[in-house]
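J.: Please see the structure below; I have some questions.
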Amino acid sequence: MKVFGIDIITGSVRSRTRRPMYALVVCENGEITRETEVSHYRLLRMLAQEEPEILAVDSIQELAPDQHELCLILQQFPPHTRLIQVTGGEKKETLGKVAARYNISFNRFDPYAEARTIARVACLGGGAEVVAFENSCEVAVSRHRSIGKGGWSQNRYVRKIHGAVLQKAREIEDQLIGAGLAFDKKESRAFGGASRVSFQVNAPRGMIPIPNYRGADVQVRVACRRLDRIRFRPLQERPRYLIVGIDPGTTTAIAAIDLEGNLVRTESSRQTSMAETIETLYHLGKPLVIASDVQQMPYTVEKIRRAFQAIGYTPHQDRTVEEKQELTAGSRYANVHERDALAAALDALRQYRNKLQNIMKRVPSGYDLDEVRAGIIRGQSLEQILGVKEPAKPEESREVLVPAADGKRDERVTGLEGQVKRLKEFVTELQADQKEKEREITRLQKRLHRERSTQDQHMRRDTEIVRRDHLIQGLKHQLRKEQRYGRNLRKRLEKMRQYAALEEKEDVLPFKVLGGLTRDAVHQLSAEMGINPEDVLFVARTDGWGRSVIKELADTGVRALVVGAFRAQVDPQLMKASTEFHLPLLFVDQVKVQVRGKSGTIDRNRFEEAFKEWEREQEARERRKRTEMLESIFREYRFEREKEVHRGR
């Protein structure tokens, strides 16, 4: 595996005058092969040429000032090159702290030393990968040159370029199909072929066998879809090792520390079950040691230890309150139960601390110290942990248990017999617990069956209630709708009665008031009072009139339309349209109008005079039209006759 580690020597990506220069260290299979100084542009060229698996940095801000620029730079990376930030993801650590985790020391004032450290940490699997793109890409095939204005050979030139684009797109389509990738194709057809073809491929960049390409006529660009924000994916997602102290009882308390003695979490509760405690510890990390503050490990603590297959720790004798306070001095805890749990964890760490410190001096650089500490606590030798086979000592290769000279048995045999006895008692307790749990399960299953039967009855009743409620709501909605319709009909009937009462008078003529000369107003009046043949309509304003409205009124067969304006104030086009569609148009200066809401009255005599005057105007207009038509026919005939006479000469 080839890894590039870089660190800035001078300059900054945010400066326009001093561009950054990097110390570059190339590490192949754990060995450093090259060290050199490169510019930003030279770094990108080397990435494209050598295609390393990892480019490692201690901060992504050394490559780009913002997210947009970083995405542009990542777009230029080879498909299989990953950007790794060795100091972590969202929660960053210092490079010194990360290097100490792998037992690596360096001069923090030397850029090349930092670059070497960055490369070695990345080789060991430290840091987090920078993820800026989704697992989908767009492969765009387009023209690489402008078709221009052209000349005599313009068509042949355009056809050649578009044909090359189409041919390249077909080749890429065959490659995607051969790779078994799913894609959506979008093609822009043009003269002689295609001007642009794009493929939306549902795969990450590393799986697409299409490189970026620039030819004489065609270019191919592979672009990944960006995420909303930069994300970090740890290279190693293993849980951290923990030493956990547990204080069981009415109030269960736990305290977890890491292998360096840092407090991770303390917690206590009266309602926490064993399963919830195990789940809490599982989310915190990997318990390596489960400790208690009493000599005989409690049954609950032993079951939790077995759940994680952890190493158990108990003191030689029960710890006193003074000893617990001395152990936890300077630590934070909420109550005495958390203090006891924390004291047990710290006591277990103190038991292993001297041994760990002595062996840590022999660990070479480049090894994860947490893994080494965990192996030592499990009882492994340093050679076994580091992968070196430890030579066996002849005198220790085999251990034989023999009686002592005084006839007493070996103390180890006595200890093992006591352990066997305790284990048998523990098995008996487990079997009793199992029988009790089985009886409890049977009782709970019967109760569950009864509860389900009761719940089913309630559910069936609730379902019927809900169904009837929906039916009632639907009927209420329909009732309100019918009530509104009835009220509207009563209002319409009342208006029609008033209008009918006006029709019975002999000296006046009733009319219906139109809200405006628009189709909406016509439809509203038709819904409220109806528009019947021989009705007289009145409109106060003619704003927004249209030919379709005049035609619709004429089609209804109304007797006349009275306009609330003088003749001189009415649009001539409106008068022309009414004449065209034979809709009698009268004016307020011709008749006497009295408006009463949606209806009104007109003096009958004056209306008849105005109506007859409109009819006379219509007859006169028709006579003029016929006269003009005859004159036009006569002129045309005379013109044709004169042409024939001239041709005869």
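The values are calculated or read from the model by the stated rules, or taken from the named source; none is laboratory data. Please read all numbers here as calculations on a predicted model, not as lab measurements. Ideal geometry is used to build each Cβ from the backbone, glycine not excepted, and the neighbour counts take in all protein chains shown.
J.: Test residue 480 against the criterion of being of a type outside the set (Val, Ile, Thr), closer than 30 Å to residue 597 by Cβ, more than 45 Å from the chain's Cα centre (by Cα) and surrounded by 10 or more Cβ atoms within 10 Å (Cβ to Cβ), and give yes or no. I'd like the intermediate steps shown before the answer.
T.: Numbers: of a type outside the set (Val, Ile, Thr): yes; closer than 30 Å to residue 597 by Cβ: yes; more than 45 Å from the chain's Cα centre (by Cα): no; surrounded by 10 or more Cβ atoms within 10 Å (Cβ to Cβ): yes.
Here the answer is no, as residue 480 does not meet what is asked.
J.: Tell me, which residue of segment 512-534 that is part of a loop (DSSP other than H, G, I, E, B) and in contact with a strand residue (DSSP E or B) (Cβ under 6 Å, 6 or more places away or on another chain) is modelled with the lowest pLDDT? Outline the logic, then answer.
T.: Applying the first criterion (part of a loop (DSSP other than H, G, I, E, B)) to segment 512-534 yields 515-518, 529-534.
Restricting the remaining residues to those that are in contact with a strand residue (DSSP E or B) (Cβ under 6 Å, 6 or more places away or on another chain) gives 517, 529.
Values: 517: 86, 529: 79.
Selected residue: 529.
J.: With the condition kept exactly as written, say whether any residue in segment 29-38 is under 38 Å from the mean Cα position of the chain (by Cα) and either on the phi > 0 side of the Ramachandran plot or at pLDDT 90 or above (or both).
T.: First, the residues of segment 29-38 that are under 38 Å from the mean Cα position of the chain (by Cα): none.
The answer is no, given that none of the residues of segment 29-38 is under 38 Å from the mean Cα position of the chain (by Cα) and either on the phi > 0 side of the Ramachandran plot or at pLDDT 90 or above (or both).
The rows are residues; the columns are (1) modelled with pLDDT of 85 or more; (2) within 60 Å of the chain's Cα centre (by Cα); (3) loosely packed, with under 13 Cβ neighbours inside 10 Å.
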residue	(1), (2), (3)
541	no, yes, no
548	yes, yes, yes
558	yes, no, no
586	yes, no, no
590	no, no, no
598	no, yes, no
604	no, no, no
620	no, no, yes
649	no, no, yes
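J.: Here's a check for you: in segment 264-280, which residue that is assigned to a strand (DSSP E or B) and not polar (S, T, N, Q) is farthest from residue 64 (Cα to Cα)?
T.: Filtering first and then ranking leaves 267.
J.: Further question on the same structure: Checking residue 258 against (1) surrounded by 12 or more Cβ atoms within 10 Å (Cβ to Cβ); (2) among the acidic types (Asp, Glu); (3) over 30 Å from residue 86 (Cβ atoms): exactly one of these is not met. Which one?
T.: (3)
J.: What is the one condition in (1) farther than 26 Å from residue 51 by Cα; (2) of a type outside the set (Ser, Thr, Tyr); (3) without any contact (Cβ under 8 Å) to a residue 60 or more places away in the chain that residue 181 does not satisfy?
T.: All conditions pass for residue 181, except number (1).
J.: Mind telling me which of the residues 189, 205 ends up being in contact with a strand residue (DSSP E or B) (Cβ under 9 Å, 6 or more places away or on another chain) and free of Cβ contacts under 8 Å to residues at least 24 places away in the same chain? Quick ask: steps written out before the conclusion?
T.: Working: 205 fails: free of Cβ contacts under 8 Å to residues at least 24 places away in the same chain.
189 is the lone residue from the list that is in contact with a strand residue (DSSP E or B) (Cβ under 9 Å, 6 or more places away or on another chain) and free of Cβ contacts under 8 Å to residues at least 24 places away in the same chain.
J.: To continue, here is another question. Which of (1) in the same structural domain as residue 578 (by TED's automatic domain parsing); (2) part of a helix (DSSP H, G or I) is the odd one out, the single condition residue 425 does not satisfy?
T.: Only one criterion is unmet by residue 425, namely (1).
J.: Separate question: On the basis of being of a type outside the set (Val, Ile, Thr), assigned by TED's automatic domain parsing to the domain that holds residue 70 and in contact with a Cys (Cβ under 9 Å, 6 or more places away or on another chain), does residue 203 make the cut? Reasoning before the result, please.
T.: Working: of a type outside the set (Val, Ile, Thr): yes; assigned by TED's automatic domain parsing to the domain that holds residue 70: no; in contact with a Cys (Cβ under 9 Å, 6 or more places away or on another chain): yes.
It is false that residue 203 is of a type outside the set (Val, Ile, Thr), assigned by TED's automatic domain parsing to the domain that holds residue 70 and in contact with a Cys (Cβ under 9 Å, 6 or more places away or on another chain).
J.: I need a count of the residues in segment 304-313 that are assigned to a helix (DSSP H, G or I) and touching a helix residue (DSSP H, G or I) at 6+ places or on another chain (Cβ under 9 Å).
T.: Within segment 304-313, the first condition is being assigned to a helix (DSSP H, G or I), and the residues that meet it are 304-308.
Checking which are touching a helix residue (DSSP H, G or I) at 6+ places or on another chain (Cβ under 9 Å) leaves us with 304, 307-308.
Adding up the residues that qualify gives 3.
J.: Another question, if that's okay. Condition check: in the same structural domain as residue 31 (by TED's automatic domain parsing) and under 33 Å from the mean Cα position of the chain (by Cα). Does residue 179 satisfy that?
T.: Numbers: in the same structural domain as residue 31 (by TED's automatic domain parsing): no; under 33 Å from the mean Cα position of the chain (by Cα): yes.
Answer is no for this residue.
J.: Here's another thing I want to ask about it. For segment 137-146, enumerate the residues that are crowded, with 16+ Cβ neighbours inside 10 Å and of a type in the set (Ser, Thr, Tyr).
T.: 142
J.: While we're here: Residue by residue through segment 286-303, note down the ones that are more than 42 Å from the chain's Cα centre (by Cα) and in a strand (DSSP E or B).
T.: 291
J.: Between residues in segment 82-107 that are under 17 Å from residue 370 (Cα atoms) and residues that are surrounded by 20 or more Cβ atoms within 10 Å (Cβ to Cβ) and of a type in the set (Lys, Arg), which pairs lie under 7 Å by C-beta distance while being six or more apart or on different chains?
T.: Listed by first residue and then by second, the contacts come to 104/120.
J.: Let me ask something else about it. Please tell me if residue 292 is among the hydroxyl-bearing types (Ser, Thr, Tyr) and either outside the structural domain of residue 356 (by TED's automatic domain parsing) or at pLDDT below 90 (or both).
T.: Working: among the hydroxyl-bearing types (Ser, Thr, Tyr): yes; either outside the structural domain of residue 356 (by TED's automatic domain parsing) or at pLDDT below 90 (or both): no.
So residue 292 fails the test.
J.: Determine whether residue 345 is at pLDDT 90 or above, farther than 27 Å from residue 431 by Cα and assigned by TED's automatic domain parsing to the domain that holds residue 371. Break it down into steps so the answer makes sense when it comes.
T.: Values: at pLDDT 90 or above: yes; farther than 27 Å from residue 431 by Cα: yes; assigned by TED's automatic domain parsing to the domain that holds residue 371: yes.
The answer is yes for residue 345.
J.: Among the residues of segment 282-300, which ones are within 21 Å of residue 335 (Cα to Cα) and buried (at least 23 other Cβ atoms within 10 Å of the Cβ)?
T.: 290, 291, 292, 293
J.: On the given criteria, is residue 609 assigned by TED's automatic domain parsing to the domain that holds residue 559 and either at pLDDT 85 or above or closer than 17 Å to residue 587 by Cβ (or both)? Break it down into steps so the answer makes sense when it comes.
T.: Details: assigned by TED's automatic domain parsing to the domain that holds residue 559: yes; either at pLDDT 85 or above or closer than 17 Å to residue 587 by Cβ (or both): yes.
So residue 609 passes the test.
J.: Moving to a separate point now. Could you check segment 317-338 and list, in sequence order, the residues that are part of a helix (DSSP H, G or I) and touching a residue at least 60 places away in the same chain (Cβ under 8 Å)? Lay out the reasoning, then the answer.
T.: Filtering segment 317-338 down to residues part of a helix (DSSP H, G or I) leaves 321-327, 336-338.
Scanning segment 317-338 gives 337, 338.
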